[in-house]
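Colleague: Take a look at this one; I'll ask things after.
Since every read-out is calculated from the coordinates, none of them should be taken as a lab result. If you're wondering where the values come from, they're calculated on a predicted model, not measured in any experiment. Backbone-built Cβ (ideal geometry, glycine too); neighbour counts: all protein chains shown.
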Amino acid sequence: MELFEAISTRRSIRRYTADPVDDDKVNKILEAGRWAPSWANTQCWRFVVVRDPEVKARIGQCLMGAKIEGKAVDNPATKAINTVPVLIVVCAEMNKSGCKPGDPTSKDFVTDKGDWFMFDTALASQNMVLAAHGLGLATVIMGAFDAPAVEEILGIPKGYRVVVLLPLGVPTWEGKAPPRKTLDEIVVHDQWDS
Amino acid sequence: MDVFEAIKSRRSIRKYKPDPVSDDDLQKVLEAAHWAPSWANTQCWRFIVVRSPEIKQKVAGTLNRVQIGDDFLKNAATEAIRQAPVLIVACAQTGIAGYNRDGTPVTDKDDWLLFDVALAVQNLTLAACALGMGTVIVGAFDAKKAAEILDVPDGCTVVTMTPLGYPDHTGQIPPRKALGDIVYKDTFGKS
């Protein structure tokens, strides 16, 4: 698919068929993630590809709003995770991106933003989202979940964190584009008050 | 350009030709950025398009020097910002992405502004590549000084910047970790 078409027609999809997604496509999507740029090429991202339905179901229960007063409710995002054949869990190694080089355990951050793992995993995630759409698949970037609970389920070691969940599957519909601010609302020239 | 070709052929460009960037192409890369998804569609990103050579020069002065051994060398991106006809500075409204209506954070990550700005910036760098232009994402600079130079108001922070222009070199491909080193199956550490 042509890049500008991919960028402008990509939608966040929460309804999927149960159709399988083969490893070849998953690998193409992971490759796209791997080609993203990163802070001093630190590549702090790690991807856990979950196909095991039990593991997926447990992760689905960690979404915000998946439980009301301890009881599971029918959350469309949870349903999406249970329906799709593949869930990509985007993780990050801490204290790499945004740190001075040399000392791998350094907490000596270079900027006022601290650890840049959120930035770098997003660069990789956006590549993967576009790649999925380019292959006729769909996904949605999920951030509203109990990350420490998912870290426990996946056995994430100390020094790593779970960032976002990307369900990957065949969409049942094209999705809708939520309205975007116009360029005039988000772009200024030379200086803020110009 | 095909989406996979853009993803794989994009390079971080640190040398630029002085050739101008048309308003039409500038509009295309900014539109690509604004199509990115964001936390609950909050679109916390804001972009400052700097063409003024004086302001570009001042902003370039906020870049950190690069430490190599005991030497502190000028970041190659400093010169790139001077060379390229356009500098795009990506800012973000703070306290919006990742927050409940009552102002409490939804997740253990607090503000998701770095994440959402990066989604938009990645669209922008790919769009530039497809139009034959180059970019390099710069993060190592004094964001507070840059905000002062650019009159960025309180409640907004300067996140990153990239020169935008026509490449004067092909760019290097820094080696990537193999997929086997970054991908696990079902649980962490299992390949």
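Colleague: Positive end of the charge dipole of chain A (Lys, Arg +1 and Asp, Glu -1 on Cβ, about the Cα centre): tell me which of A:37, A:110, A:129 has its Cα farthest that way.
Modeller: Ranked along the dipole, the leading option is A:129.
Colleague: Using only helices, what value at 222 nm comes out for chain A when you add -39,500 (n - 2.57) per DSSP H run of length 4 or more and divide by the total residues, to the nearest 500 deg cm²/dmol?
Modeller: On the way: 7 runs with 65 residues, N = 194.
Calculated mean residue ellipticity at 222 nm is -9500 deg cm²/dmol.
Colleague: Quick check for me: using +1 on Lys/Arg Cβ and -1 on Asp/Glu Cβ, what's the dipole size of region B:3-169 about its Cα centre, in debye to the nearest 20?
Modeller: It works out to roughly 420 debye.
Colleague: How large is ³J(HN,Hα) for each residue in region B:14-19, as worked out from phi by the Karplus curve 6.51 cos²θ - 1.76 cosθ + 1.60 (θ = phi - 60°), to whole Hz, x for Gly and Pro?
Modeller: Result, ordered by residue: 10, 9, 10, 7, x, 3 Hz.
Colleague: Going by how many other beta carbons lie within 10 Å of each one, how would you line up B:99, A:16, fewest first? Mind dumping the intermediate values first?
Modeller: Working: B:99 19, A:16 25.
Going from least to most buried by this count: B:99, A:16.
Colleague: For the charge dipole of the protein assembly as shown, defined by +1 on Lys and Arg C-beta atoms and -1 on Asp and Glu C-beta atoms about the Cα centroid, which residue among B:78, B:180, B:27 has the Cα displaced farthest towards the positive pole?
Modeller: Farthest towards the positive end: B:180.
Colleague: Search the structure for amide H atoms under 5 Å from the amide H of residue B:159, placed 1.01 Å from N in the peptide plane, and list their residues when 5 or more places away or on another chain.
Modeller: The answer is B:90, B:91, B:92.
Colleague: Which trypsin sites (Lys or Arg not before Pro) in region A:101-178 pass both tests, a DSSP loop state and at most 10 other beta-carbon atoms within 10 Å? Write out the running numbers ahead of the final one.
Modeller: Details: sites: A:107, A:113, A:158, A:161, A:176; in loops: A:107, A:113, A:158, A:176.
Passing sites in region A:101-178 are A:158, A:176.
Colleague: What ranking of A:153, A:81 emerges when the number of other C-beta atoms within 10 Å of each C-beta is taken as an exposure proxy, fewest first?
Modeller: Values: A:153 20, A:81 27.
In increasing order of surrounding Cβ atoms, one gets A:153, A:81.
Colleague: For region B:131-141, what does the Karplus curve 6.51 cos²θ - 1.76 cosθ + 1.60, with θ = phi - 60°, yield as ³J(HN,Hα) per residue in whole Hz, taken in order and with x for Gly and Pro?
Modeller: My calculation for region B:131-141 gives 8, x, 9, x, 8, 8, 7, 10, x, 8, 8 Hz in order.
Colleague: While we're looking at this one, here's another question. Run down the aspartates and glutamates and flag those whose C-alpha is under 17 Å from the C-alpha of residue B:109, throwing out any fewer than 8 positions away in its chain.
Modeller: The qualifying aspartates and glutamates are A:93, A:112, A:115, A:120, A:146, A:151, A:152.
Colleague: Quick check for me: using +1 on Lys/Arg Cβ and -1 on Asp/Glu Cβ, what's the dipole size of region B:91-177 about its Cα centre, in debye to the nearest 20? If you can, show how the numbers build up before the last one.
Modeller: Values: 6 positive and 10 negative charges, 80 e Å.
Dipole magnitude for region B:91-177 comes out near 380 debye.
Colleague: Moving to a separate point now. Give the long-range amide H neighbours of residue B:141: residues separated by 5 or more places, or on another chain, with amide H under 5 Å away, using H modelled in the peptide plane at 1.01 Å from N.
Modeller: B:64
Colleague: Rank these for me by crowding, B:149, B:81, going from fewest to most other beta carbons within 10 Å.
Modeller: Values: B:149 20, B:81 27.
The order, fewest Cβ neighbours first, is B:149, B:81.
Colleague: Quick one: how many lysine pairs does chain A have with C-alpha atoms less than 14 Å apart and a gap of 8 or more or different chains? Give me the count, please.
Modeller: Details: A:56/A:79; A:67/A:79; A:96/A:107; A:96/A:113; A:96/A:158; A:100/A:113.
Lysine pairs meeting both conditions in chain A amount to 6.
Colleague: Here is a further query. Please identify the GluC sites (Glu not before Pro) of region A:1-107 that satisfy two criteria: DSSP loop assignment and at most 10 other Cβ atoms within 10 Å. Which are they? All intermediate terms of the calculation are to be shown ahead of the outcome.
Modeller: Details: sites: A:2, A:5, A:31, A:54, A:69, A:93; in loops: A:69.
Those that pass, being in a loop and sparsely packed, are A:69.
Colleague: Between residue A:68 and residue B:17, what is the label-point separation in nm under the 7 Å Cα-to-beta-carbon projection?
Modeller: Placing both labels 7 Å along Cα→Cβ, they lie 6.1 nm apart.
Colleague: Out of the trypsin sites (Lys or Arg not before Pro) in region A:1-68, which ones are loop residues according to DSSP with at most 15 other C-beta atoms within 10 Å?
Modeller: Working: sites: A:10, A:11, A:14, A:15, A:25, A:28, A:34, A:46, A:51, A:56, A:58, A:67; in loops: A:10, A:11, A:14, A:15, A:51.
For trypsin sites (Lys or Arg not before Pro) across region A:1-68 that sit outside H, G, I, E and B with at most 15 neighbouring Cβ atoms in 10 Å, the list reads A:15.
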